[in-house]
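Step one of this worksheet: look at the structure below.
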Amino acid sequence: MKDGKNKRLSKRAKINRRFYIMAAVTVIYVVLALFADRFAPYDPVEADPAMSLCPPSAEHLFGTDKLGRDVFSRILCGAGTSFTMSFIMITFVSVLGTSIGMLCGYFGGTVDTVIMRFVDILLAFPDTVFAIAVAGMLGAGVINAVIALGLLSWTGFARMARSLTASIRERGFVEQARFNGASEVRILAKYILPNVIPQIVVMAAMRVGGTMLALASLSYLGLASQPPTPEWGVMVSESRAYMQTAPWMMIFPGLALFITVVVFNLFGDSIRDYLDIKK
Amino acid sequence: MNKNDMILEVRDLTKVFPAGKGRTLKAVDSISFTVNKGECLAVIGESGCGKSTLARLVTGVEKATSGSILFMGEDVANAGRRELKAMRRNMQMIFQSPVSSVSPRMTIGTFLLEPYINYGICCRQEAQERISELLSKVRLNDDCLRKYPHQLSGGELQRVCIARAFSLDPRLLVCDEITSALDVSVQDDVLRLFHSLQTGSGIACLFICHDLALVSSFSDRVMVMYLGQTVEIIDSKRLGRDAVHPYTIGLLRSMLFVSSDRNKPLTAMKGELQSPVDIPENCHFCTRCPYAEKRCFLERPQLREVETGHLAACFRV
């Protein structure tokens with residue numbers, strides 16, 4: 001018996017440790033992204049033609065691009081805007097999507113059917129195509145690209161919240177809540193929401209990385225950030241012509257994107273385990 | 001019987017579910033009964049006979065197809081959401097599975113506080129005191145208030161649910177197989193605890209169960225159901241001697257007691273249940289009844305008074 005308990009405790013301890021480590025990594029990442037200009041050794045937009053296309057060295061850790069700008073500084077500074085944008089967008093969209101999804105899942109009926117069919121339609125759009133359409137209507141730019149992505153990504157939260165709510169609604173404790181005299185609003189807020197939130201938080205954490213990747217790909221296509229803004233997608237796009245002669249121009253922004261997605265996915269994963277009270 | 005003594009009066013209650021392809025399933029088939037003040041009426045029957053549906057109808061969870069349910073003179077069957085909330089102040093239910101009755105993300109303390117807050121009964125501090133008192137009645141200590149449901153055992157959790165049901169001091173408790181999800185070792189314990197609380201408080205009780213032996217020991221009256229119909233209503237004390245319906249007798253014969261005479265054979269009932277889908281208007285027990293005649297397959301016997309307070313639905317009576 002005692003052995004079993006110890007084993008379980010150590011499992012919990014492991015989960016907690018993993019969560020703290022991942023949270024620390026994410027915090028470091030965010031601090032680096034937000035205060036990049038303090039950490040960056042060079043001005044990310046200042047050109048130095050003399051230093052054009054230098055390979056990585058002690059002076060320029062990740063090398064320089066064709067205008068002699070420091071790639072390392074540009075990568076650091078490029079994280080800030082897209083992280084802030086993605087974070088704000090995901091926060092807004094997850095609250096909105098979850099509310100819509102929970103109301104649909106709980107009350108059902110015609111409104112639910114109409115909204116969910118609408119969601120199906122939105123899901124059928126590839127987000128890049130949708131962003132191109134929005135950019136065509138509103139013009140290219142980071143804000144418009146974020147709006148385009150936001151218009152699509154609330155559907156994921158809505159679907160998730162709806163299906164969770166619809167299944168939780170049938171559980172015994174909701175029926176029990178009615179015998180406790182709880183109103184419908186209270187049932188949603190006190191009984192269903194706490195059981196929905198963990199999954200939503202996990203999804204949101206993972207989506208931040210995904211949204212940054214999507215923003216980068218839109219920038220790559222010239223639909224979001226424009227040169228000379230330091231932005232990863234823009235950098236990858238600029239590096240195309242030099243792929244053979246100066247591969248560092250492409251490798252390092254690509255790596256930065258890769259690490260971003262991995263960090264947020266692992267963070268989301270560790271939140272899931274951390275919030276699972278049964279483990 | 002004095003009309004004022006009646007807590008619950010159910011008349012001709014019927015619930016029909018659609019069973020697909022235009023067929024219907026009569027889960028509860030014109031059932032009538034009453035529950036008096038402080039009385040414990042046990043409802044017995046095998047699984048699928050409509051006991052749980054009956055509980056859900058009586059508490060307004062499910063809407064009846066026809067018939068009336070009067071709880072303290074108020075109509076449950078046609079009550080709106082607000083009226084139901086007001087009624088549930090006086091009518092509480094204990095569910096079969098304690099594990100699914102408490103939200104996994106709610107501490108026991110919050111769970112027990114809920115009725116006091118939602119019905120605005122008293123301030124938080126007084127509620128806390130009352131909860132402690134209730135917990136000691138169900139032999140739990142205050143430590144469990146900070147715990148989550150998965151940290152308690154099934155028996156402990158069911159005792160929490162029992163405490164919650166008593167917290168509003170209801171007039172009627174509907175118990176839907178409250179021990180069947182528990183380990184056999186704690187069933188008796190929980191049941192005895194419930195019984196002492198129920199008799200001590202004088203709260204009327206509709207006790208749904210599939211175990212005749214378990215229930216006959218502490219209920220006042222027993223109602224035996226078979227495929228949605230009432231077959232017999234009888235005083236628990238007289239059950240062993242005076243039961244007349246072949247189904248009740250069959251149930252009694254198939255019971256095993258520790259004190260049973262080992263020479264007397266236990267007899268299991270023969271035959272299969274009829275399909276409850278599109279069931280004909282006959283005595284539903286006719287397919288298994290050892291005394292079944294032609295008439296039993298064609299006509300439905302009405303519930304008739306055998307003696308005062310003893311009703312049975314059988315042509316042989």
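For B:Cys122 and B:Arg146, compute 0.36 nm times the residue count separating them, minus their Cα-Cα distance, and round to one decimal in nm.
The span from B:Cys122 to B:Arg146 would gain 6.5 nm if fully extended.
Can you compute the modelled spin-label distance between B:Arg316 and A:Leu275, with each label point 7 Å from Cα toward Cβ, in nm?
6.2 nm
State whether segment A:82-136 is rounded, prolate or oblate according to the following rule on the C-alpha gyration tensor (a ≥ b ≥ c being the square roots of its eigenvalues): a/c under 1.5 gives rounded; otherwise a/b larger than b/c gives prolate, and the remaining case gives oblate.
Oblate shape, in that a/c is at least 1.5 and b/c is the bigger or equal ratio.
Quick one: order A:Thr91, B:Thr24, B:Thr59 by neighbouring beta-carbon count within 10 Å, fewest to most.
With the fewest neighbours first, A:Thr91, B:Thr24, B:Thr59 line up as A:Thr91, B:Thr24, B:Thr59.
Just to confirm the number: angle between the C-alpha axis of helix A:127-138 and the first principal axis of chain A, 0 to 90 degrees, nearest 10?
Helix A:127-138 sits at roughly 70 degrees to that axis.
What percent do you get for the relative contact order of chain A when only Cα pairs under 8 Å and 6+ apart count?
23 percent
If the elastic network links every pair of Cα atoms under 10 Å, which of A:Val134, A:Val201, A:Val185 fluctuates the most in the Gaussian network model of chain A?
A:Val185
Rounded to the nearest 0.05, what FRET efficiency is calculated for A:Val114 and A:Leu138 with R0 set to 22 Å and r the Cβ-Cβ distance?
So, using R0 = 22 Å, E works out to roughly 0.25.
Mind scanning B:Lys26/B:Lys63; B:Lys21/B:Lys294; A:Lys11/B:Lys147 and naming the pairs with a C-alpha gap bigger than 25 Å?
Violating the 25 Å limit, Cα to Cα: B:Lys21/B:Lys294.
Which one of B:Met223, B:Met91, B:Met106 has the biggest mean-square fluctuation once chain B is modelled by GNM with Cα springs under 10 Å?
Among B:Met223, B:Met91, B:Met106, the largest GNM mean-square fluctuation belongs to B:Met106.
Return P(r) of chain B (all Cα-Cα pairs; 20 Å bins starting at 0; whole %; ordered from short to long distances).
Cα pair-distance distribution for chain B, in percent: 31, 56, 13, 0.
Taking neighbour counts of Cβ atoms within 10 Å as a proxy for exposure, in what order, fewest first, do B:Arg81, B:Arg171, B:Arg159 appear?
Exposure proxy ranking, most exposed first: B:Arg81, B:Arg171, B:Arg159.
Between B:Val184 and A:Thr245, how many nm apart are label points set 7 Å from Cα along the C-beta direction?
With each label point 7 Å from Cα toward Cβ, the separation is 8.6 nm.
What ranking do B:His245, A:His60 get, fewest neighbouring Cβ atoms within 10 angstrom at the top?
A:His60, B:His245
Explain nothing, just the number: dipole magnitude of chain B about its Cα centre with +1 on each Lys and Arg Cβ and -1 on each Asp and Glu Cβ, in debye rounded to the nearest 20.
My answer is approximately 420 debye.
Assuming R0 = 60 Å, can you tell me the calculated FRET efficiency for the pair A:Phe39 and B:Ser68, based on Cβ-Cβ distance, to the nearest 0.05?
0.20
Can you give the helix-only mean residue ellipticity at 222 nm for the protein assembly as shown, where every DSSP H stretch with n ≥ 4 adds -39500 (n - 2.57) and the sum goes over all residues, rounded to the nearest 500 deg cm²/dmol?
-16500 deg cm²/dmol
Connecting C-alpha atoms closer than 10 Å in a GNM of chain A, tell me which of A:Asp120, A:Asp269, A:Asp70 has the biggest fluctuation.
Per the Cα network of chain A with a 10 Å cutoff, A:Asp120 tops the list.
Throughout, read-outs are computed from the coordinates displayed, never taken from laboratory work. A quick note: this is a predicted structure, and the numbers were derived from the prediction, not measured. Cβ atoms come from the backbone with ideal geometry, glycine included; neighbour counts cover every protein chain shown.
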